[in-house]
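This report concerns only the one structure given below.
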Amino acid sequence: MAGGGTEAFPDLGEHCQNPDCKLLDFLPFTCDGCKLVFCLDHRSYKSHNCPKSDHGSRTVSICETCSIAIETTGFDVEGIKSLLEKHERSGDCDPNKKKKQTCPVKRCKEVLTFANNLTCKDCGVKFCLKHRFPTDHVCNKKTITNTGKSARWNERFMEALSLRNEKGCERGSSVSSRSPPSVRSF
């Protein structure tokens, strides 16, 4: 018997190639790094101390100036330094890219990403989803794109909504200021 198995099935399974184990495993694992065969307990790189555990890994270095990721797979420390220097000299390295764009509304710190921003149709500025409406971000350029009665009604509605949001809902405060109804007993 060369590989493993039993007398009835000599080609079934293989022995774990970990020197401390040698277990006959009927569903063995082949390491994609060192190409040796292991049992379930020794199949991970760490459990059998695989010398080629990083064969499929990718490494990335981050530019300190512009925060862009540069792939450095297969380079040593000196090669990585030369890649970063080459990037800085290339003209693609822009320190302004490091600062992420935030919502321009005062006191809003929301970082704008590809999924959480909208451009205002009136002023053309990008805002976070919370401040996307012209009444929420004090729109500088109030132009009505739609003409007619419905556009004027919509504008009046949005202005009334913004005034209501500034004052707060009056219904909640008026209910709390009333005294509870008296109960008469007969």
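No value in this document is a laboratory result; all are computed from the given coordinates. Worth saying up front: this structure is predicted, and the values here are computed from it rather than measured. Counting neighbours? That spans all protein chains shown, and the Cβs are built from the backbone with ideal geometry, glycine included.
Key figures for this structure:
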| item | result |
| --- | --- |
| Neighbourhood net charge (12 Å Cβ-Cβ; Lys/Arg +1, Asp/Glu -1) for Cys50 | +2 |
| Residue-count net charge about His15 - beta-carbon cut-off 10 Å; Lys, Arg +1, Asp, Glu -1 | -1 |
| Set Lys22/Lys46; Lys35/Lys81; Lys100/Lys130; Lys86/Lys126; Lys100/Lys121 screened for pairs whose C-alpha atoms are more than 26 Å apart | Lys35/Lys81; Lys86/Lys126 |
| FRET efficiency for Cys108 and Thr59, using Cβ-Cβ distance with R0 set to 30 Å, rounded to 0.05 | 0.25 |
| Formal net charge of residues neighbouring Leu112 (Cβ-Cβ distance under 9 Å; K, R +1; D, E -1) | +1 |
